[in-house]
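Okay, so here's the structure we're looking at.
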Amino acid sequence: MAHYIDAFVLPVPKANMPRYKRMAAAAGKIWMEYGALQYWECMGDDLDNTGPMMPFPKMTKCKPGETVMFSWIVFKNRRHRDQVNKKVLADPRMDAMYREMMSPKIFDDKRMAYGGFKTIVENGK
């Protein structure tokens, strides 16, 4: 069964990781509460790409002391994603989280990439 994925890539100052992790854990609970199938937040670990591909730190214009977060949320399909996101964005807990994230900013949202993706190949358990 094909799923729908919302994916995010963003640079986060390492000093802000405790705040980011708290925010991400709370956000993940909200998405799951409203029906997301999976919620993942991953912190960069092996990002030193010396080959021909563009490394995530270069793509996100990482500065010294920053790392890259790669995050995704799994939904049944795009319609399901739209229904879940509508509920999530209307939840007052998200407003509170956004205010906390912005004062001071946890990360530079101008260097964040986001998109919705249809899966075309799925392997796994």
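Where a number appears in this text, it was derived from the coordinates with a stated rule and is not lab data. What you see is a predicted model; the values in this text were computed from it and never measured. Positions of Cβ are generated from backbone atoms using ideal geometry, with glycine treated the same way; all protein chains shown enter the neighbour counts.
With a sphere of radius 14 Å drawn around the Cβ of residue 79, what net charge do the other residues whose Cβ falls strictly inside it have (Lys, Arg +1; Asp, Glu -1)?
Local net charge: +4.
What aspartates and glutamates does residue 76 reach when the alpha-carbon gap must be under 17 Å and sequence neighbours fewer than 8 apart in one chain are set aside?
6, 33, 122
In Å³ and rounded to a whole number, note down the convex hull volume per residue for the Cα atoms of the range 1-96.
119 Å³
Using each residue's phi in the range 16-23, evaluate 6.51 cos²θ - 1.76 cosθ + 1.60 at θ = phi - 60° and report the 3J(HN,Hα) Karplus result to the nearest Hz, with x for Gly and Pro.
9, 4, x, 5, 4, 4, 4, 4
Hey, what do the phi angles of the range 52-63 turn into as Karplus ³J(HN,Hα) couplings, whole Hz, using 6.51/-1.76/1.60 and θ = phi - 60°, x for Gly and Pro?
So the Karplus estimates, Gly and Pro as x, are x, 7, 7, x, 3, x, 5, 4, 8, 6, 4, 9 Hz.
So, in Å, what gap is there between the alpha-carbon centers of the range 3-19 and the range 87-125?
8 Å
Rank-order 90-99, 17-26 by packing density, defined as the average count of other C-beta atoms within 10 Å over each peptide's residues, highest first.
Output ranking for 90-99, 17-26: 17-26, 90-99.
For each pair in 58/118; 14/63; 61/110, compute the distance between the two Cα atoms and list the pairs where it is over 20 Å.
In this structure, 58/118 lie more than 20 Å apart at Cα.
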